Amino acid sequence: MSLTISIISLLGTFILSAIIGVLSIPRIVDVANKMHLYDQPNSRKIHRIPIPRLGGVSFIPAALISLCTVAVLLSRFGYKIENLADSGAPQHFIAYIAGAVLLYSMGIFDDVRGLGYKIKFLVQVISAVLLCISGLWIASFEHIFLIDQIPFWVGMPLTIFFVVYVTNAINLIDGIDGLASGLSSISLIVAIILCIMSGDILWAMLAIAFLGVVTVFFCFNVFGNKHKIFMGDTGSLTLGYTLSYIFLHFWQANPIWNPYLHNLGIIMLSTLIIPMFDVVRVFMSRVRDNRNPFLPDKNHIHHKLMRAGMSGRQTMISILLISVLFIVINYLVASISQTLIILIDVLMYVVMHIIINYFIFQKERETGQNWKKVF
């Protein structure tokens, strides 16, 4: 496919997805208001009034409708659809759709009626297994910690863990306006760039299809007044699952190499360092305090930054900028050593939280609150 047709296809997919988002999200808000489907405020949450929580209902339909429409139009103009998927087997995409729709259905039920974490975890595992059955699994570590190819009996359970991990990371970071959608948008933009430069147009079209509707949602979520809405589990779970699916593309047995981009797998992974590291930190702190690691609390990075004195908007912007900083540093170091990247990322993350803890201590000492260090 020529560069011109590729650009037109990507722009068409993005515009169509965004249009569907613009048309559907206000209607979803109206339905949520009529059915009283609100995210109710409580001691753990930031908002103080009930907010509709079904924004994620628009994600999968907008993305798949726009992607499939553009693909059909390409076919009608003589371009073979199968050529779009030269770097990935069709069964991978079919498995992804099955898993995404499964999570989408569960997410809607959870947002409307509520589900326990055990059922949600089981459905996430099943969705991850579907990708493995299709043959999409982590087959190479790209020399991280001196490990290259890995056998399938290690790669498949690792893939299941990875998909569930990334899916929950997006779900758990969705605590303030614009944070989950903003971090996901940054990750999708990087994925689009890497896929275009690697010639993986179908993967780029999937990423930009989600970017279109997520960008529209971001505007409603952050700047909305009458039509303000949260994405809910429907959005965060399907968004996390989609990102993990795109990530797996860069961790196959024959890693993609480009003279302008080194080690694409680790660069792609660096786009979600903040939510992925935050899951580990929060999990460990709950275990340390003899609390159920699967039950929510107010110990996520956005909670800590707000305890340090930042507003919700300042917190969101700060975390997005930190995420971009991680990506830039990882790209610059990627050509030297991927193992070094991980060590630098961990060190930066630890130092960042030491600094945040210091400002929390100063803020709460001034206000006379009992300061409790939560790392």
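Please tell me if Ile341 is open to solvent by less than 40 Å² (accessible area, probe 1.4 Å), within 17 Å of Val279 (Cα to Cα) and in contact with a helix residue (DSSP H, G or I) (Cβ under 7 Å, 6 or more places away or on another chain).
no
What number of residues in segment 133-147 are modelled with pLDDT of 70 or more and part of a strand (DSSP E or B)?
Residues that pass the stated criteria total 4.
If you take the residues of segment 312-333 that are modelled with pLDDT under 90 and over 19 Å from Met276 (Cα atoms), which of them is most open to solvent (accessible area, probe 1.4 Å)?
Only one residue tops the list, namely Leu332.
Note down all Cβ pairs under 9 Å where the first residue falls in segment 345-359 and is over 21 Å from Ala334 (Cβ atoms), the second is of a type in the set (Val, Ile, Thr) and open to solvent by less than 30 Å² (accessible area, probe 1.4 Å), and they're at least six residues apart or on different chains.
Note: pairs meeting the criteria are His353/Ile301; Ile356/Ile301; Asn357/Val374.
May I ask you to list the residues in segment 150-193 that are among the hydroxyl-bearing types (Ser, Thr, Tyr) and within 9 Å of the chain's Cα centre (by Cα)?
Applying the first criterion (among the hydroxyl-bearing types (Ser, Thr, Tyr)) to segment 150-193 yields 159, 165, 167, 181, 184-185, 187.
Of everything in segment 150-193, those that are among the hydroxyl-bearing types (Ser, Thr, Tyr) and within 9 Å of the chain's Cα centre (by Cα) turn out to be Thr167, Ser181, Ser184, Ser185, Ser187.
Restricting the first residue to segment 237-257 and requiring it to be on the phi > 0 side of the Ramachandran plot, which pairs with a second residue that is basic (Lys, Arg) and modelled with pLDDT under 65 meet a Cβ separation below 9 Å and a spacing of at least six or different chains?
Listed by first residue and then by second, the contacts come to nothing, as the list is empty.
The values are calculated or read from the model by the stated rules, or taken from the named source; none is laboratory data. Small disclaimer: the values here were computed from a predicted structure and weren't measured. Note: ideal-geometry Cβ built from the backbone for every residue, glycine included; neighbour counts use all protein chains shown. The protein model used for the area step is the full one, side chains on, heavy atoms only, and it has no ligands, DNA or RNA in it. Shrake-Rupley method; radii C 1.70, N 1.55, O 1.52, S 1.80 Å.
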